[in-house]
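Read through the structure below, which is laid out as structure tokens, and then see the notes.
The values are calculated or read from the model by the stated rules, or taken from the named source; none is laboratory data. Model, not experiment: these values are computed from the prediction. Here the Cβ positions follow ideal geometry from the backbone for every residue, glycine too, while neighbour counts run over all protein chains shown. Each accessible area value is taken on the protein alone, full model and side chains, heavy atoms only, with ligands, DNA and RNA left out. Shrake-Rupley method; radii C 1.70, N 1.55, O 1.52, S 1.80 Å.
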Amino acid sequence: MQKDMQNASLARQLYHMTWPMLFGVLSLMTFQLTDSVFVGQLGRDPLAALGFTVPMQQLVSGMYVGLGIATTAIISRTLGQGDSLRAQRLGGLVVAIGAGLALTLCLSVWVLQSLILDLLGAEDALRPAIREYWMPWLISAWVGAMVYFSYAVCRANGDTRLPGYMMISTSLLNIALDPLFIFVFDWGLPGAAWATITAFMIGAMVVYPLLIRRAWLRFDLLQLELNKAIRQLGGIMAPAMVSQLMPPLSAMLATALVAGFGSAAVAAWGLGTRLEFFSIVVVLALTMSMPPMVGRLLGAGELEKIRKLVRIAVRFIVIWQLFIGLVWLVASGLVSTLFSRDADVQDILLSYLLRVPLSYSGLGVCILMVSINNALGMSMRALLISTLRLFACYLPLLWIGAQISGLTGLMTGALVGNLVAGGMAYGLYRQGMNRLRQQA
């Protein structure tokens, strides 16, 4: 009975930490899907241009999500030790470092855009549309990174409601501005990016004053012992960032592989990728809510509670993601016609929805295990999971499937690769937990 009560208590804590993140991330995915719907009305070329942007979007977001993981881990442990002043300065350090890293990455993408488009296999006819879109999109990526760092500081301090509410507010504003900027102002594809810039800038103007008012940020960084703080941050940030950058690298390679089947395939694959983000929204919410809980339990030496917490989350993910996969299976015909008017894109997207979503349970477990291992201080194990998922499971099976049965085989390869990766990731997590328990 005591064990059941402990499990129920952990489940309640997980629920209260997760639901604000769930609705926040869901709103972000909704506005991204809405972007795709509006852009889809502009025709195949703008939609394909958006598809070529997805891997680069994952690259930029991978950087700031990796830094957010380090932020949550370090600040939550520092607060657990009772040093709130150091936690405030660490928050300021994260914002300063993040601003510089995000700006450097965005400028690099802009300077190297021709080389990047060559590597992605973009057709010459699409490049003017892509270049026109990338400047405002990169600005929106930098502003979005700054807003994300503020959310990471909130989560590290145990507040998931403020970032959740702000995600919802900025997403609704973005959706409202999309038709105005794209169609009424006749800005076309770049209008989608300018809508995002406007929404995120308003969000940043709201959140940062609140963080300073709550005394969660300080910028007197010279009082922080910068070398020690940067080493501490980098010890988790570097492998976490590399781990987060693995998926966009994989997405670039996958997009290049898909590009060999034509622009319709790229457009459908880009839509499918956005639907994938939407489908794993619960997993993404858990990766934001669980690390602060795991960090504080780890500081208290409660390894058994961590194990129970992770087991609850994994069981839920497997059941939920199987349900989501079946929903996409049933609704595949309706969804494919909703997101594009092009018959070729509709057919390819239909084929995607009949296969890939059935593997989202494996993908979800793998993503969560990366987050949990980072929170446990096993950042190199998290990096190993990311690397093996993409370069030992996903991409090889994509290529093998394409060789055997073309585009349909490629999608079947994605299904099998995700399921294999989920089992592998959970096995590596259990090995790491066993080592921690032996050390304790």
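Checking the condition under 25 Å from Thr72 (Cα atoms) and outside any helix (DSSP H, G or I), which residue from Gly301, Gly295 passes?
Working: Gly295 fails: outside any helix (DSSP H, G or I).
So the residue among Gly301, Gly295 that is under 25 Å from Thr72 (Cα atoms) and outside any helix (DSSP H, G or I) is Gly301.
Could you tell me whether any residue of the range 301-319 is on the phi > 0 side of the Ramachandran plot and either in contact (Cβ under 8 Å) with a residue 40 or more places away in the chain or charged (D, E, K, R) (or both)? So that I can check it myself, show each step before the final result.
Restricting attention to the range 301-319, the residues satisfying the condition of being on the phi > 0 side of the Ramachandran plot are 301.
With either in contact (Cβ under 8 Å) with a residue 40 or more places away in the chain or charged (D, E, K, R) (or both) added as a condition, the list becomes 301.
So far as the range 301-319 goes, yes, one or more of its residues are on the phi > 0 side of the Ramachandran plot and either in contact (Cβ under 8 Å) with a residue 40 or more places away in the chain or charged (D, E, K, R) (or both).
The C-beta contact set for the range 48-75 (first residue in contact (Cβ under 8 Å) with a residue 60 or more places away in the chain and within 16 Å of Ile130 (Cβ to Cβ), second residue among the hydroxyl-bearing types (Ser, Thr, Tyr) and part of a helix (DSSP H, G or I), distance under 6 angstrom, 6+ apart or interchain) comprises Ala48/Ser263; Ala49/Tyr133; Val54/Thr273; Pro55/Thr255.
Residue-wise test of (1) aliphatic (A, V, I, L, M); (2) at pLDDT below 90.
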residue: Thr104; (1), (2): no, no
residue: Leu112; (1), (2): yes, no
residue: Asp118; (1), (2): no, yes
residue: Ala145; (1), (2): yes, no
residue: Tyr148; (1), (2): no, no
residue: Asp178; (1), (2): no, no
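Across the range 259-272, which residue is farthest from the chain's Cα centre (by Cα) among those that are within 16 Å of Ile130 (Cβ to Cβ) and surrounded by 22 or more Cβ atoms within 10 Å (Cβ to Cβ)?
Among them, the one singled out is Ser263.
Looking at (1) touching a helix residue (DSSP H, G or I) at 6+ places or on another chain (Cβ under 7 Å); (2) under 30 Å from Val37 (Cα atoms); (3) open to solvent by less than 40 Å² (accessible area, probe 1.4 Å), can you tell me which one Pro239 breaks? (2) is the only condition that Pro239 fails.
Of all residues in the range 278-296, those that are at pLDDT below 85 and open to solvent by 30 Å² or more (accessible area, probe 1.4 Å) total 2.
Go through the range 190-243 residue by residue and tally those that are β-branched (Val, Ile, Thr) and under 30 Å from Met378 (Cα atoms).
Taking the range 190-243 and keeping what is β-branched (Val, Ile, Thr), we get 196-198, 202, 206-207, 212, 230, 236, 242.
Retained after the next criterion (residues that are under 30 Å from Met378 (Cα atoms)): 230, 236, 242.
The qualifying residues number 3.
For the range 200-212, what are the residues that are hydrophobic (A, V, I, L, M, F, W, C) and without any contact (Cβ under 8 Å) to a residue 60 or more places away in the chain? Of everything in the range 200-212, those that are hydrophobic (A, V, I, L, M, F, W, C) and without any contact (Cβ under 8 Å) to a residue 60 or more places away in the chain turn out to be Met201, Ile202, Met205, Val206, Leu210, Ile212.
Counting only residues that are closer than 11 Å to Leu358 by Cβ and open to solvent by 50 Å² or more (accessible area, probe 1.4 Å), the range 305-322 holds 1 of them.
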